[in-house]
1. Could you list all residues from the stretch 372-405 that are modelled with pLDDT of 95 or more, closer than 26 Å to VAL155 by Cβ and open to solvent by 40 Å² or more (accessible area, probe 1.4 Å)?
2. Please tell me if PRO460 is in contact with a helix residue (DSSP H, G or I) (Cβ under 9 Å, 6 or more places away or on another chain) and either modelled with pLDDT under 95 or outside any loop (DSSP other than H, G, I, E, B) (or both).
3. Is it the case that the stretch 659-668 has a residue that's open to solvent by less than 40 Å² (accessible area, probe 1.4 Å), modelled with pLDDT under 95 and acidic (Asp, Glu)?
4. Just checking, which of LEU53, LEU131, LEU77 is closer than 23 Å to ARG17 by Cα, at pLDDT below 95 and in contact with a Pro (Cβ under 6 Å, 6 or more places away or on another chain)?
5. Which of the residues belonging to the stretch 775-794 are more than 14 Å from ILE730 (Cβ to Cβ) and part of a helix (DSSP H, G or I)?
6. Is it true that GLU697 is modelled with pLDDT of 95 or more, open to solvent by 10 Å² or more (accessible area, probe 1.4 Å) and not in a loop (DSSP other than H, G, I, E, B)?
7. So, in the stretch 289-308, how many residues would count as being assigned to a loop (DSSP other than H, G, I, E, B) and buried (at least 16 other Cβ atoms within 10 Å of the Cβ)?
8. Could you please let me know if VAL733 is closer than 23 Å to LEU822 by Cβ, at pLDDT 90 or above, surrounded by 20 or more Cβ atoms within 10 Å (Cβ to Cβ) and of a type in the set (Val, Ile, Thr)?
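The values are calculated or read from the model by the stated rules, or taken from the named source; none is laboratory data. Please read these numbers as outputs of a predicted model, since none were measured by experiment. Note that we place each Cβ from the backbone using ideal geometry, even for glycine, and neighbour counts take in every protein chain shown. Just the protein is used for accessible areas: all its heavy atoms, side chains included, with ligands, DNA and RNA removed. Shrake-Rupley method; radii C 1.70, N 1.55, O 1.52, S 1.80 Å.
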Amino acid sequence: MSESELPKRYEPETFERRWYDYWKERGLFTPDGEGEPFSIVIPPPNVTGRLHLGHALVNTLQDVLVRWKRMSGFDTLWIPGVDHAGIATQMVVEREIASEGKTRHDLGREKFLERVWQWKEEHGDAIVSQLERLGVSCDWTRSRFTLDEGLSRAVRTVFVRLFDEGLIYRDTAMINWCPRCMTAISDLEVEHRETSGSLWHIHYPLADGSGRVTVATTRPETMLGDTAVAVHPDDPRYSGHIGKTVRLPLTDREIPVIADSILVDPEFGTGVVKITPAHDRNDYEAGRRNGLPMIDVMAPDGKMNAAAGSSFEGLDRFDARKKIVEELESLGLLDQVEPQTHSVGRCSRCDSIAEPRVSTQWFVKIDPLARPAIEAVRTKRIELIPEQWENTYFAWMENIHDWCISRQLWWGHRIPAWYCSCGEMIVAVDEPEGCPSCKSGELRQDPDVLDTWFSSGLWPFSTMGWPEKTPDFERYYPTSVLVTGFDILFFWVARMIMMGLHFTGERPFEKVFLHGLVRDEHGQKMSKTKGNVIDPLEVADEFGADAVRFTLAILSTGRDIPLARSRMQGYAAFANKIWNAARFALMHLGDGAERAAGFPDAANRDVLDRWIIARLNTTTGLVNDSLDQFRFDEAANHLYHFFWHELCDWYLEMSKPVLFGKAGDERKKALAKQVLAEVLDRSVRLLHPFMPFITEEIWQKLAERESSIMVDEYPRYDASLEDGLAVRWIDAVQQITTLIRNGRVERGLSPAERVSLFVKAAGEDAAFIESHSWLLSDLAKLESVEIVDHFPGEGLKDAVGPFEISIEFPAKQVSAGQIAKLEKQIEGLEREIANTRARLSDDNFISKAPDHVVEESRRKLADYESRLETLRDNLTT
C-alpha cells in the first residue's frame, strides 16, 4: 500500500491516539497570540469524576466551537481544569477510610486532608486522560484546579472584599442541613420530590381542661420542639382559645395558643397549626414574628437529642417518629391518619432527607449582586441561548435568597476568618500574625470551608490569574461563550455572572449556550440501577471517538437528548462511508500534483464539477451559519447529507466514467481529479471540528503536509462558487435517474433491460443533455437519450427541473400501485409547495436568511410547481 493510500478497513483505534499525541506534542492547542481572541473555559468536572455522557456532550460541543474558531483564524484559548468538589470528594475519601474501620475524626483534620490530597494525586488526572480520548483540544498547559494556589488566593480576595463591602455576613438563621454529609447545603442543593407519606391528626388538650385543638402534621417527630399552636385571628371557632395554653403531648410543657394571620389558613385542615421554629422555615419566621423560643430536638446527625426527652434521645428521627405515633395512639391523642403526598427535600449529593435547621453560618447578601446580573441578561449584554431560558433565569434571580456559603467540611477553601479569645474576628486574605485588639498571637481559624460553587463562580477570571492583571486576563477576558447544561444555570452560570460583573466590571462571557441532558432512548434518566447507562469511553473504543462526537452533536437540539447505542453505531457507519469514499478518491488520484492544486479555473470546469463545487459551497455557508447560531444539530445534518448523499452517493458515482476514461479525454480526467482532490480536502476540513481524527488521517494523505488540519483554514462561503444552472441540471439528472430506477423496480425490470428517455429541451438546456447524455445513460442504464419536440409514445411523463421527459419502459404496465404512488407524490409536492410559499411569504425569513438560501427556495418552488403539473397530467391520462 502506498503511503498516500488508506488501509482497506476503517479502524479508528489505529490512528486516534496517534493523532492526539501529535497535536499535543506540537503545542497546537496553545494559542499563538495572532488574530481576534476567542476564549472559552471548560465547565470543570469534579476531581472525583469519571467521564460520563454529560461530560462527553458538553466537551464535544465546546471542541466543535473551538476547532471551528481556531481554523477560522481566531486566537483561540480553551482553559481546562477540574473542581475540588468539596462534599463529593470528601465522601469518597471518607468511604475509603471507613473501609479501614476509621472516621475522619480519628485521623484529625490535618491527616485527613493529607489523605484527600493523596487521593487527588492518584485519581485526579483520570478524567483529563478520558477527555483526551474524546479528542478535546484544550490548552493543557493552562490547566487549573480550584484549590491550586492562584485560584485559592482569588477566592480569599473575593471573600474579603465582599465582607468589607458588607455583602458577606455571619448570622444564625434557618438553613438546609444534611444529616448524612453533616453540613449546611444551599437551596439549590436540595432536590424536592413528591413523596407518598401520611398526615397525622393529633389532639393537643387545653391546659384548663375546657377542650382540645387538633393539629395535622407530616412530621410528628418535630412536635417535641413545638413552642406554640396558631389559629387565625378571625376564625370564630378558636377566638376564645387565643391566649390560653395547651399541654404538649409526650412532654411536661405547656405552650400558648397564638393568633397569626400569615401562617394560618382557616380554610385548610383543622385551622390550627403547630409551630416548631427550630425545624420548619415557615415556623421559624412565625417564631420570629411572635417572639417564640426555639427548641432544637434533633442532633446534627439526625438523631433526637436530650431536648426531645429521655424516651426519645438517641433515636434516629424516623424511629422516633414511629415511637411517637405509637405513644400518641396509646394515649388516645391520635385522631386519624390519612395518606398524604407532599414535597420532600433531599440532599443532591447523598440523597438523604434534608432537615431545616437553625445554625450559625456565613451568608452572601445576594440582592445587590443579582440586580446587575438580571440587567445584563435583560439588555442582551449577556445572551442566553436558547432564549427561552431567559424567563426561567429572571424568575429565579428576582426571587433569590441570601446564599449560605459555609460548609461544615474539611476539604475545600477554608473561610479566611480568625477568632481571638478577646472576641475579635479578623477577616483577611493572608493569615494574620496576631490580634489587632489585644495583640494575642493565639488565633483560631474558622473551621468551615466555602461552598464549592463559591470558587466555581470565579472560574472565568480566576483561571486567568485574577486579581493580577495578567497577559491572559488582559487579552482573553471576558470569555466569548460558555457551553453548559441548563441544569446548572443557577448553580453556576448565574453565580459566574454575578461575580464577574462585580469584581471585573465586565461580563464573564458574551453568550451562554445551554444544552439539554442526555437521556436513554426512552427519555429516561440514565442510572446504574436502571441498567441504561452508556459509557462514552466504552462506545468510543467500540465505534471510535469520531462516531461518539458526531452522534452527540447531531442530536444536540437544545432539548434533552434521547440516546441509544444504535445511534452511535449508525454514525460509525457514516465514518466508514467517509473512509471508503476517501480511499476510492485517493486510489484514483495517484500521486499527482492535482492533489493540492485547488479548483481549476472556472472556464475549465465541467457541469458536474460546477455542481459539486456549488453544493459544497452551499453546505459550507449553511454549516458556518448554523455554528454561528449554536445549531450543532443543523450543522452536523448538513455535513451528513452532503457527505453521504451528494459526495458519496452521487458525485463519486457520476465522476467514475471520467476517472475511468470512459467519458472525455486525459485532460478532462486530470481536471476531474483536481476537482475531486480539492472537494475532498475542503470537505474534511469542513467536517474536522466534529470528527477530528478521521479527517486528520485523510487530510494528511491528500498531500505532503508539514502541519495539521486543525490549524489549516476553515472553508468559508464564496458567492462566486454558486452555480444555480449547474445545480438545476444535476438535480434534474438525479431526479430522472431516481424515477427510472424506481420505475424498473415497480415493473420488475432487470438492470439489463434498457429503457429509452425522451427529453423536451431547448437552448443551453438542450446543449447540456446532448453533451451529458453519457451521464444519464451510465446512471440510469438507458438504451438511448433523445431530445425531441413531441413525445413519440405513451411513456411515463414528468417535469424535472427545466426538462419535460418521457420514459419508455419495455412492456409498460401501469399498476394500481403506480397510480397510488403518483397520488402520494402529488400530495407530498402540494405540501412542499405550501411550506415553501409560506417561507417565502415570511418577511423574517427573507430579511434574515442568506441570499443564496432565499434564491434556492425560489428555485425549488418553481421546480415543484412544474413537476406537480406534469404529475397531475400523468394521473389523468
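1. Scanning the stretch 372-405 gives PRO372, GLU375, ARG381.
2. yes
3. Pass one, the stretch 659-668, residues open to solvent by less than 40 Å² (accessible area, probe 1.4 Å): 659, 663.
Checking which are modelled with pLDDT under 95 leaves us with 659, 663.
Imposing the further condition that a residue be acidic (Asp, Glu) reduces the set to none.
Scanning the stretch 659-668 turns up no residue that is open to solvent by less than 40 Å² (accessible area, probe 1.4 Å), modelled with pLDDT under 95 and acidic (Asp, Glu).
4. LEU53
5. SER777
6. It is true that GLU697 is modelled with pLDDT of 95 or more, open to solvent by 10 Å² or more (accessible area, probe 1.4 Å) and not in a loop (DSSP other than H, G, I, E, B).
7. Adding up the residues that qualify gives 9.
8. On the way: closer than 23 Å to LEU822 by Cβ: yes; at pLDDT 90 or above: yes; surrounded by 20 or more Cβ atoms within 10 Å (Cβ to Cβ): yes; of a type in the set (Val, Ile, Thr): yes.
It is true that VAL733 is closer than 23 Å to LEU822 by Cβ, at pLDDT 90 or above, surrounded by 20 or more Cβ atoms within 10 Å (Cβ to Cβ) and of a type in the set (Val, Ile, Thr).
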